[in-house]
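The values are calculated or read from the model by the stated rules, or taken from the named source; none is laboratory data. Being a predicted model, the structure only gives us computed values, none of them experimental. Counting neighbours? That spans all protein chains shown, and the Cβs are built from the backbone with ideal geometry, glycine included. Protein only, heavy atoms only, side chains kept; ligands, DNA and RNA dropped before computing areas. Shrake-Rupley method; radii C 1.70, N 1.55, O 1.52, S 1.80 Å.
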Amino acid sequence: MSSSQQLPAWVPKAAAVAGATVAGILVLKALQGGQGAVVDSKPKKAAASHTEAPTESKVKELAAKAVGQYVSEVGTKLNAGAPEAAVTKAGDLGKYFAFQKEYGTKLMARPDVGEGQLLRVTDWKRLTPEDYDRTTFHVEVDVVGTSIEKLVNGADGKALSVYATNDPKGVAEFLKMMNLDPFAMVSVEEIAPQEEEGTVVITTAEKLFTQYLDLFGKPTREFLKKLVPYAVDIMEKVTIAELTLDRKTDEFQEKQARACTYADYLTEFKSLKIPLEKYAELMPTIKQRVYSICSSTAYRPGKCQLLVVREDWQAKGDVTKFGLCSSFLTFLRPGNYCVGHSTHSSMKIPDDKMAHVFMAGLGTGLAPFRAYVEERKSQKDKGHKVGPMTLFFGGRYSKTEYYYRDEFEAYEKEGIVKCCNAWSRDTAKKVYVQHKIKEEEDDIWEQLGKPGSKGYFFLCGSKQPEKDVFKMLLSIMQNKGNMSESQAAAKMEELQTAGRYVTEAIERTESLMLTIAARVVLASAVVPHCVRNESVSGSQEPVLFIIYGETTHLAVRQSSQVRWEQALGQRCTFYEAPPPSPAAGVASQNRL
C-alpha cells in the first residue's frame, strides 16, 4: 500500500497548519479556537477511586491513547485552511505519518511535559454576575481513562497543573510584525522529550509561539543579553546592550512596571534577524499553573473541577493586564481541550473521619474545602459516621461571591457542615473571617487547643488574611487556655508540626501572584525549575536566596525569611547572592 493510501485525507493540510510532529506532538486545533471538537456526550463509567500512581510507561500509554482518540474524533472536522504553498513546505512530514512504526513517530499533547494528559472540558459556568468586577468561574474536565483519573481528589492532597496557550490573535499579530510565516516548519530541540535521546520535534511557527514559548511573559535582563547579537542596526544593538547595564536599571525597571513582554521587546527593535529555530533559545516555555481542585472523586467519579478567578492587575500607565492561565481557562468551553496533570498539595483531609475539621476559605480559597465537604458527604452516604465540619468563608458581597451557595446550604441543612460566612462589604461594619473565628472560639479551643483534642484547622487563600487568622488563633489559645504569648505561639507551632494547622497562602506582589504553598515549594519533582519572584529584583529591600533540593533556589525578600521557613517546613540557610555552582537552577518566572 502506498504512503498516500495509508494517510487520512485531511493529514497533509491539517499537519501543515496544526504542526503535527515527529516523536513528540500533534498540536491541537481545538485549543486555538478553531472548529470545536465533536465528541461523544454519552457518560463513561469511571473506575473505582484510589490514589495509586500509574507507572511512567502507563502514563505515556494513556497519554497516547487520549491524543489518538482526539485525532479520531476531530480529525475529519479540522478545517486547516492551509494554502498549497504551506502544504508543500510540510516536506517530509507526511512520510513520518505514513511510516509511524519505522520512524518511531509518536503523537503527544506536549512532548516537553511527559506527565501531561489531554483533558476534555465537560462543563464551564460563570459564578459571578456578568457586570461584576471579578470573573470567577467553575470549570470541569473529564479524567476517565487518563493516568490522573485516580489522582485528582481535591480532598486527598491533590491539585491540578494546567498548561495554558497564548492568545491566537496576539500570536498572529506578532508573527505578522516579525514577518514570520505561520506555516513555516521548525525543528525545536528544547521541547523534545528529555528522557528520549535522539528524538526530533517538528511543529509550525504558529504553534511554537501559541503553545510553547512564553511570548507574553515578563523578560529578564538575561533575555536582552541574548538578544544583542541578532540586532543588525548598530544603534539598536547598543540600545539593547545598554538596557543590561546597571546605569540603565531605572529604564529597565520602567519597562518592567509597564509589563513589557518578550513580544514587546522583539517587535520594538525592527532590525532583529532571528532564525525561527533560535526563538526557543531566547524565551522560556509556558510553565504550569497550579489550581486547587474543588471536587472529590469519591463523590464525583471521573471528574475534576476547579474554582478559578481571572487574575488582573494595573500596570504602570493604567493598563489592565490579565494572567495567562486564568485567562486561558476563562475562555474554555465544553468540548475544548487542555493539557494538565496531577500535582501534590498540602490540603489533605484527615484520615480520621470523626475529627472536627475547621476550614477557612478566602475567595477562591474555598476550592479544597468544597472537596472536603463532598468527601465527608460521600463517606456519610456510604454509611460511615463522620465528624463535624466548620467552614469560615470570606468574601466581599454575599449576593455576588457566595460560590456554590445552594450546595453549601443543602450540606448545612443535612448537618454535614456549619457555615460561618464573613462578608466585608454587606454592612457598614466590615466583617472578616477572623471575626467569625472569634465567635467559634469555644469549639476551636475544645477541638484544637485543649490537651487531648484531635481537631484540625486548614486555611486557603491570600496571605494577609492568613496573618489575621493566625493572630486570632493565638488569641484564642491565650484567652481560653490561659496561656502566655510564648506558650500560645508554642502551641501553634506544635499544631503545625503535627499537621493539624495547615495553610496554603498566596501573596499578591504587584503584578505577580507567587504561591508559597507547600504544593509548589516542596514538590520539586513536579516543579524542577527555580521559582523566582521577578518583582523582588526591583525592590529596595535586600534580597536573599534560599537553597532547597539539589538544583533550585528561590529569591525572596529579606523580611520574609520566617515565612519561607514555615512554607518549606524546615530551617533554611539564606545567602546574599545566588549560588554560583552549576547545581543552581536558572530562575524562571511563575506568572498566574
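The phi torsions of the stretch 161-173, fed into the Karplus equation with coefficients 6.51, -1.76 and 1.60 and a -60° offset, translate into couplings of 8, 10, 10, 7, 10, 6, 4, x, 5, x, 5, 4, 5 Hz, rounded to whole numbers, with Gly and Pro shown as x. Mind checking the dipole of the stretch 333-446: about its Cα centre, +1 per Lys or Arg Cβ, -1 per Asp or Glu Cβ, Debye to the nearest 20? So the magnitude is around 420 debye.
Figure note: Glu197, Glu102, Glu446 ranked by solvent-accessible area, largest first, 1.4 Å probe, ligands and nucleic acids not counted: Glu197, Glu102, Glu446. Projecting the Cα positions of Ala422, Tyr372, Phe408 onto the charge dipole of the stretch 359-483 (unit charges on Cβ atoms of Lys, Arg, Asp and Glu, taken about the Cα centre) puts Ala422 furthest along the positive direction.
The string of couplings for the stretch 441-453 from the Karplus curve (6.51, -1.76, 1.60, θ = phi - 60°) is 5, 5, 5, 5, 5, 5, 9, 10, x, 5, x, x, 5 Hz, one whole number per residue in order, with x for Gly and Pro.
Note on the stretch 256-360: with neighbouring protein chains present and a 1.4 Å probe, carbon and sulfur make up 52 percent of its accessible heavy-atom surface. If R0 is 25 Å, the Cβ-Cβ spacing of Arg396 and Lys418 corresponds to a FRET efficiency of close to 0.70. Highest mean packing comes first when the peptides 350-359, 364-373 are listed by Cβ atoms within 10 Å, giving 364-373, 350-359. Estimated at the nearest 10 Å², the accessible area of Asp264 is 70 Å² with a 1.4 Å probe.
Would you mind checking the pairs Lys418/Lys467; Lys436/Lys467; Lys169/Lys321; Lys65/Lys106 and listing those with alpha carbons more than 18 angstrom apart? Flagged as over cut-off: Lys418/Lys467.
Our Cα-only numbers for the stretch 365-513 put the radius of gyration and Dmax at 16.1, 49 Å.
Shown here for the stretch 226-304: trypsin sites (Lys or Arg not before Pro) in loop regions (DSSP other than H, G, I, E, B) with at most 12 other Cβ atoms within 10 Å, namely Lys270, Lys273.
Residue separation of Trp313 and Lys248 scaled by 0.36 nm, minus their Cα-Cα distance, works out to 20.8 nm of gained length.
Can you put Tyr397, Tyr96 in order of accessible area, largest first, using a 1.4 Å probe? Present the calculation step by step, with values, prior to reporting the outcome.
Values: Tyr397 85, Tyr96 45 Å².
The most accessible residue leads, giving Tyr397, Tyr96.
Rolled with a 1.4 Å probe across the full set of protein chains, the surface gives Trp423 an accessible area near 30 Å². Close amide H pairs (under 5 Å, H built 1.01 Å from N) link Lys158 with Ser345, residues at least 5 positions away or on another chain. The slack between Ser271 and Phe99, meaning 0.36 nm per residue of separation minus the straight C-alpha distance, is 57.7 nm. Counting only protein heavy atoms and using a 1.4 Å probe, the accessible area of Lys65 comes to about 130 Å².
Fully extending the segment from Asp442 to Glu485 would add 13.6 nm, taking 0.36 nm per residue of separation and subtracting the current Cα-Cα distance. Placing Tyr291, Tyr103, Tyr230 in order of accessible area, with the largest value first and a 1.4 Å probe, yields Tyr103, Tyr230, Tyr291.
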